[in-house]
Every structure is written in C-alpha cells, then in structure tokens.
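Trainee: Following this message is one structure expressed as structure tokens.
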Amino acid sequence: MGLLDRMGTIVKSKMSRIMDRMEDPREVLDYSYEKQLELLQNVKRGIAEVATSKKRLELQRARLAQSAEQLEGKARESLSAGREDLARQALERKVSLQNQIETLDSQIAELDREEQKLIAVETRLSTKIETLRARKEAIKAQYSAAEAQVKVTESVTGISEELADVGLAIQRAEEKTEGMKARAAALDDLLEKGALEDYTGGDALDRELSKIKASGAVEAELARLRGETK
Amino acid sequence: MIIRIMGEGQYRAPDAILEDLNAIDNRIVELVEKGDREGFRNELLRMVSLVRERCEPLDVAEITESDLILPPPDLTFEEARGIFRGQGLIED
C-alpha cells in the first residue's frame, strides 16, 4: 500500500469519526459548520502564535547581531593597538555568534513559511464557511427528496474532509511552533545568564583593551609632561 | 477526478495523471523502506508539483470529496515512516 492510499485512509477514518457522531446527516451539517467556526478560531490563534514566536526569534537575532558588531569593533581596536592575538579572540567569538545568527535565520524563515501557510488555510476556510452558511439551510430543507439526500451526503463528506485537512494543518503548525519555542526559551536563558557577555568577551577582552587604552593615555601624559619640563 | 493536497486545497485532475502519481508513489514506498531521506523529499515534491502544474485548482467555494489525497508537501521523513507503520498522522 502506497503513501497515497494510506493518506486517504487516514483522512477517511478521521472523516468517518466526524460523521459517526450524528445519525442524521442534517445534524452533521450543523455540527460541521460549528466545527469549522471553531477551527477558524484555532487557525487565527495559530497565526498569532507563529507570529509571536517569529518576533521573539527576530529580537534574539537583533541582539546577537549587535554583539557581533561590537566584537568587530573590538577586533579593530585590538589590531590598531598591534594586538593581533586579541583581535583573533574577538573575531573567533564573532564567527561563533554568526553561526547562531544563521541558525536563527533559518528558523525565522521556517516560521514565516508556516505563517503564510496558515494564512492561506484561513482564507480557504473562511470561504468554505461562507458557502456552507449560505447553503446549509437550503440543503436541509430539501433533505426529504432523494437527490437532496445525495447532496447532503456529498456536502457532509466534503466538509469532513476539509475539517480533517485544516485540523492537520493546525496540529503540524502547533508542533513546529512548540519546538521553536523551546529552542527560543533555551537561548533566552543563555542570554539571561550572561552567556552573551562570555561570547563578546565582556570580561577578559575588555580588560585587555582598556589596559591598552590606559597605557596609551599614560604615554600621552608622559609626553605632555616631558614637553613641559623641557 | 478530484485531488487534494493536504494543507493546500483541491484540484480537478485528468484521470491520466493517476498512472504518473502511482509510479511516484511506488518509488516513495521503496525510498522510505531504504531510509533514503533525500530521495523521499525529491519524489514527494515531484508528486506535489505534478498536481500543481497539470491540474486546475478547484473553486474554493466548492465543497466536495476528493478521490485522491496527497500528503502535505512538507511531510517529514519521520512522519512518512509513521504513516507506513500505520500510525495516524491526525490526532483524534
């Protein structure tokens, strides 16, 4: 059995679980309509959730990018002071930050795709809801006629399939967002604990640089004093 | 025939497409068995593109059952393997 057959079976079993709940297809129409409205709310919530996660990663990215820029500055200062060893240290940290930034970039792009997908689902679902709202009373009213029964069944299976589809889209988006959230929280934790300061070498690197600056200032003072005593 | 790409919507497809889809589907089965992730991804994307390119999107306002259901294009290898092991993809 191929992937297509299995996919069909999965969706059909979900559909029949929806349809089994009601004895009368007309009830399924009402139930499906309510269910669609509920799913639409879930999709909207999903979109908001994905957007929030994306924003959080973007903020983290901005913070890392800023630190990388600072490191570049420190490397420049170190070089002009003739301390290639310090410049190297700063650049090593910068490269490692850039790797993290790249990872964040791909995560942000993934969330962006997820967001676009959910927005498309929202549009599609809204149209279906509108169609069903307009038609369902008419379909129910004709239910006694044999051909109308066929129509009801058709609509009900069509809607159930749509419900299964949207349900899966929401579920997968949630799973992805959850995974990203956990990673973002871990990174936030690291940032809180000052791991970023370690990265930017806030301690040792800065001490060295300020020593260099201080000794430069001392030399200048000395030169000034020498000038005065002459 | 009506084809649905999960997460994307429905298409009206010429019956002849079934043969091509089946051929790809058979390859996917083999690739998943072999554990070939890269090959699986390529074939899945080929399958989806075939429908996107050769079929007409169904009017969104239409409510009808599909004859064939394609998995979401970003189905992961693990999800595919789960499907073949008979694990459902959709929560109850």
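The values are calculated or read from the model by the stated rules, or taken from the named source; none is laboratory data. No experiment lies behind these values; they were computed from the predicted model shown. Note: ideal-geometry Cβ built from the backbone for every residue, glycine included; neighbour counts use all protein chains shown.
Yes or no, residue by residue, for (1) in contact (Cβ under 8 Å) with a residue 40 or more places away in the chain; (2) assigned to a helix (DSSP H, G or I); (3) in contact with a Pro (Cβ under 6 Å, 6 or more places away or on another chain); (4) surrounded by 14 or more Cβ atoms within 10 Å (Cβ to Cβ):
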| position | (1), (2), (3), (4) |
| --- | --- |
| A:94 | no, yes, no, yes |
| A:109 | no, yes, no, no |
| A:114 | yes, yes, no, yes |
| A:135 | no, yes, no, yes |
| A:159 | yes, yes, no, yes |
| A:169 | yes, yes, no, yes |
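For (1) at the interface with another protein chain (Cβ under 8 Å from one of its Cβ atoms); (2) of a type outside the set (Lys, Arg), each residue gets a yes or a no:
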{"site": "B:9", "(1), (2)": "yes, yes"}
{"site": "B:32", "(1), (2)": "yes, yes"}
{"site": "B:35", "(1), (2)": "no, yes"}
{"site": "B:48", "(1), (2)": "no, yes"}
{"site": "B:57", "(1), (2)": "no, yes"}
{"site": "B:65", "(1), (2)": "yes, yes"}
{"site": "B:77", "(1), (2)": "no, yes"}
{"site": "B:85", "(1), (2)": "no, no"}
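Trainee: Determine if the range A:29-49 includes at least one residue that is within 13 Å of chain B (Cβ to nearest Cβ) and either closer than 29 Å to residue A:97 by Cα or of a type in the set (Phe, Trp, Tyr) (or both).
Mentor: Yes, that holds for at least one residue.
Trainee: Filter the range A:31-89 down to residues that are more than 30 Å from residue A:15 (Cα to Cα) and of a type in the set (Ser, Thr, Tyr) and give me whichever is nearest to the chain's Cα centre (by Cα).
Mentor: Among them, the one singled out is A:53.
Trainee: Okay, next question. Within the set of pairs 6+ apart or on separate chains, which have a first residue in the range A:10-21 that is within 11 Å of chain B (Cβ to nearest Cβ) and more than 14 Å from residue A:155 (Cα to Cα), a second that is crowded, with 20+ Cβ neighbours inside 10 Å and at pLDDT below 80, and C-beta atoms under 6 Å apart?
Mentor: Short answer, once both residue conditions are applied: A:10/B:89.
Trainee: Just checking, which of B:45, B:70, B:31, B:50 is free of Cβ contacts under 8 Å to residues at least 40 places away in the same chain and buried (at least 20 other Cβ atoms within 10 Å of the Cβ)?
Mentor: B:31
Trainee: Kindly list the number of the only condition in (1) touching a residue at least 40 places away in the same chain (Cβ under 8 Å); (2) within 14 Å of chain B (Cβ to nearest Cβ) that fails for residue A:150.
Mentor: (1)
Trainee: Residue B:36 - would you say it is of a type in the set (Asp, Glu) and either surrounded by 17 or more Cβ atoms within 10 Å (Cβ to Cβ) or modelled with pLDDT under 90 (or both)?
Mentor: no
Trainee: Could you check the range A:182-197 and list, in sequence order, the residues that are at pLDDT 75 or above and closer than 17 Å to residue A:66 by Cβ?
Mentor: Once the filter is applied, which keeps residues that are at pLDDT 75 or above and closer than 17 Å to residue A:66 by Cβ, the range A:182-197 yields A:187, A:188.
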